[in-house]
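The next block holds one structure in the form of structure tokens; read it before the comments.
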Amino acid sequence: MRPDILNPLFAETETLDGVGPKMKKPLDRLGLTRVRDVLYHLPERFVSRRAVTDLDEAGEGENIVVALTVTEHRSSRNARAPYRVLAQDAKGNVLSLTYFGRASYTARKQLPVGEKRWVAGKLERYGDMLQIVHPDHVLEEGGESLGHLCEPVYRLSEGLTQPRVAGLVAQSLAKAPELPEWIEAQQADREDWPDWRDALNLAHKSENPKARDRLAYDELLANSLALMLVRADNRRRRGQALMGDGRYRDKLALPFPLTGAQQRSIAEIEGDLAQEAPMLRLLQGDVGAGKTVVALEAMLIAVEAGAQAAMLAPTELLARQHYETLRRMATPTGAEVALFTGRDKGRARESILMGLLDGSIDIVVGTHAIFQDKVAYRNLALVVIDEQHRFGVGQRLMLAGKGRRAPHVLAMTATPIPRTLTLAQYGELDVSKLDELPPGRQAIDTVVMGQERIGALVDRLASQFGEGRQAYWVCPMVREMDGPEDVAAAEARYAALGERFGKDVVLVHGQLAPELKDAAMERFASGDAKLLVATTVIEVGVDVPNATLMVIEQAERFGLAQLHQLRGRVGRGSEKSFCVLLHGENLSETAQERLKLMRQTQDGFLLSEEDLRLRGGGELLGTRQSGDAAFQIADLEQITRLLPTAHDDARLLMERDGGLEGERGEAARTLLYLFERDFGVRTLRGG
Ligand code: ADP
Ligand code: MG
């Protein structure tokens, strides 16, 4: 149970003054559903303004406060055009206060013609007119004081304004109780960190590295503690020692010999599985390194030992692909492989559920649906998690730990994660590395060219198809998430390429009905379709060795690690493969450098490190905004700097200070609930 002291923090945002159904929506969009979330909605930056008597004193791009007299309101019949309020300063200079969308209602109310107002905002030039877009403040009096303030700037969504959010933050701060200290006194002293409540107050008020560090540390400590609790619990709970006799694996008729790295990894896994203590191992291997076979061998060991294995994929598309691959490979062994996704309905679903329960299904591949409450296994002993970095932290491991006996867990990733980040995401775990690509792979030639040469590229495509080859075409990433704009871009490209290639082109994106998506994938995988046009959904795992050309539009918008993943879709067969990176005009210098690096190297680790340096690791930890992100407060720099200490501290607390008993343990428990890592606490009870 959550400690009572935290109740005010977990109250819904509707309990704050001024939040009704209308305001709830934009807040929800930012993920601010409870008082706690508002408290942790820390400013992106701070602005300070200068009070000026007239616009001649101010520079373009400067944040100012100035007294103006409103002269005219101008709306346009064109709904897209902004609403403009013209106003004059003391010298008669004219300025436009510019409002987009519904913000014009506010303008009408706040700025009556003929009245004097203090306006605060950023001065810009639009054509030959000075303007302030969406002023931060419009005041009848007392505006001078704004000139001295340092104000927080928060991330907003439509329907919210800075003062609104600031108001909610102030209300939330007032509700924040004093919490018991979970950070060791010595450390807090040494770092000179404020206590929790002060830290929040300070972090909202001004640039305050100490306060920000403390809050980040809290999050890291909570995470480390939770992972450690789960791990300890895992060790306490016995798993099953799985001893394979080779009778399934012997019948595997692989068309290739395993690489040394694959053999080594399999041996490491086999050693772990033979122990009663549940395995927790990460299999790292660049795209195309051959992780799937390793997973299959591991799962067959479980089957030989009379148990079941499950493989969890991040998307339905990938689950399906894995299923096809595994089933094809496993057929000669006689192991029964099934696919289970949230989409299965009725009879089909029932029969899979039965098969899992009575043990007639040996291996199940699926999305997280395979861990729903309703899914019961006869004897699930091994869980393989593919492309783990797409999921939230240890959550999946927690899920995997649902049974009375903890299953062995093998997480697989193509992202070479630096050690600090592995620690952050998984806690302590063992790592196997596939540091050797299967033989016979040819280097992929990477070409960088401007979007304007697309015509020539399409001709090149035609000749590829003539030779019986296939190709991918990845459309520009408009948003990070395969949103409506991405889909629109993909559809437009699909239509254009369809004019030239007709039925040879298929389209896949995240918002396509699953049946259509599968049908398209199947046509491409079978070789019936020559060109797969896609948003970034094909990023991971899709395996079509006959595809030898990868085109990526607006490659400058992608991260290096992501480009590397995408490029890894080709070069899987013995034919020479190419990757074409198209870019728009006016490429920045960094962008040029990054694309050049793509051309020069195929070393995934190097690209990842470089990406980390250039982009701040968001990609490795999951996008910040998504609910799956590992950390909301701590940024990459803080993780790297503070996590090792948090980790050691968590261990001391667990080992020396009696876990969550005792005074500090009690406080740590509160911390776990505050960061909703309370699954860690739950493992302490029952079990
Ligand atoms: P990833 O590590 O990216 O998941 P896959 O498991 O999809 O890689 O393997 C990529 C391709 O390499 C597949 O077509 C697979 O059949 C092939 N492959 C795997 N191991 C070997 C090997 N030892 N020799 C040759 N080809 C292999
Ligand atoms: Mg894979």
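Among what's in the range 271-287 and is within 33 Å of the chain's Cα centre (by Cα) and assigned to a loop (DSSP other than H, G, I, E, B), pick the residue that is nearest to ligand 2 (Cβ to nearest atom).
Per the stated criteria, the residue is Val287.
Kindly establish whether Gly527 is on the phi > 0 side of the Ramachandran plot, within 16 Å of ligand 2 (Cβ to nearest atom) and in contact (Cβ under 8 Å) with a residue 40 or more places away in the chain.
Working: on the phi > 0 side of the Ramachandran plot: yes; within 16 Å of ligand 2 (Cβ to nearest atom): no; in contact (Cβ under 8 Å) with a residue 40 or more places away in the chain: yes.
Considered against the rule, which asks whether it is on the phi > 0 side of the Ramachandran plot, within 16 Å of ligand 2 (Cβ to nearest atom) and in contact (Cβ under 8 Å) with a residue 40 or more places away in the chain, Gly527 comes out as no.
Hey, does the range 36-43 have a residue that's under 21 Å from Ile633 (Cα atoms) and β-branched (Val, Ile, Thr)? It would help to see each step written out before you state the result.
Taking the range 36-43 first, the residues under 21 Å from Ile633 (Cα atoms) are 36-43.
Among the residues that remain, those that are also β-branched (Val, Ile, Thr) are: 38.
Yes - at least one qualifying residue is present in the range 36-43.
Restricting the range 292-323 to residues that are charged (D, E, K, R) and modelled with pLDDT of 90 or more, which is farthest from ligand 1 (Cβ to nearest atom)? So that I can check it myself, show each step before the final result.
Taking the range 292-323 as the starting set, the residues that turn out to be charged (D, E, K, R) are 297, 304, 316, 320.
Right, trim to modelled with pLDDT of 90 or more and you get 297, 304.
Working: Glu297: 11, Glu304: 21 Å.
Ranking the candidates gives Glu304 first.
Can you list the strands (runs of 3 or more DSSP E) found entirely within the range 522-603 that contain at least 3 residues being assigned by TED's automatic domain parsing to the domain that holds Leu457 and within 16 Å of ligand 1 (Cβ to nearest atom)?
547-552
Matching residues to (1) open to solvent by less than 10 Å² (accessible area, probe 1.4 Å); (2) in contact with a Leu (Cβ under 8 Å, 6 or more places away or on another chain); (3) assigned by TED's automatic domain parsing to the domain that holds His564:
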site: Arg197; (1), (2), (3): no, yes, no
site: Leu221; (1), (2), (3): yes, yes, no
site: Thr259; (1), (2), (3): yes, yes, no
site: Gln284; (1), (2), (3): no, yes, no
site: Met299; (1), (2), (3): yes, yes, no
site: Gly306; (1), (2), (3): no, no, no
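Do you know which residues across the range 595-644 are closer than 21 Å to Leu42 by Cβ, at pLDDT 80 or above and either open to solvent by 80 Å² or more (accessible area, probe 1.4 Å) or out of contact with any helix residue (DSSP H, G or I) (no Cβ under 6 Å at 6 or more places or on another chain) (or both)?
Those that are closer than 21 Å to Leu42 by Cβ, at pLDDT 80 or above and either open to solvent by 80 Å² or more (accessible area, probe 1.4 Å) or out of contact with any helix residue (DSSP H, G or I) (no Cβ under 6 Å at 6 or more places or on another chain) (or both): Gln632, Asp635, Arg641.
Just one of (1) away from ligand 2 (no atom under 16 Å from the Cβ); (2) open to solvent by less than 30 Å² (accessible area, probe 1.4 Å); (3) under 30 Å from Leu607 (Cα atoms) trips up Glu268, so point out which.
The failed condition is (2).
For the range 167-195, what are the residues that are open to solvent by less than 40 Å² (accessible area, probe 1.4 Å) and within 23 Å of Thr15 (Cα to Cα)?
Let us first name the residues in the range 167-195 that are open to solvent by less than 40 Å² (accessible area, probe 1.4 Å), namely 167-169, 172-173, 176-177, 179, 182-183, 187-188, 193-194.
Across the range 167-195, the qualifying residues are Gly167, Leu168, Val169, Ser172, Leu173, Ala176, Pro177, Leu179.
Scan the range 288-306 for residues that are among the aliphatic types (A, V, I, L, M) and either more than 31 Å from the chain's Cα centre (by Cα) or assigned to a helix (DSSP H, G or I) (or both) and jot them down.
Here is the first cut: in the range 288-306, the ones among the aliphatic types (A, V, I, L, M) are 289, 293-296, 298-303, 305.
Within the range 288-306, Val293, Val294, Ala295, Leu296, Ala298, Met299, Leu300, Ile301, Ala302, Val303, Ala305 meet the criteria.
The values are calculated or read from the model by the stated rules, or taken from the named source; none is laboratory data. In this text the structure is predicted, and so the values were computed from the model without any measurement. Using ideal geometry, Cβ is built from the backbone for each residue, glycine included, and neighbour counts are taken over all protein chains shown. Each accessible area value is taken on the protein alone, full model and side chains, heavy atoms only, with ligands, DNA and RNA left out. Shrake-Rupley method; radii C 1.70, N 1.55, O 1.52, S 1.80 Å.
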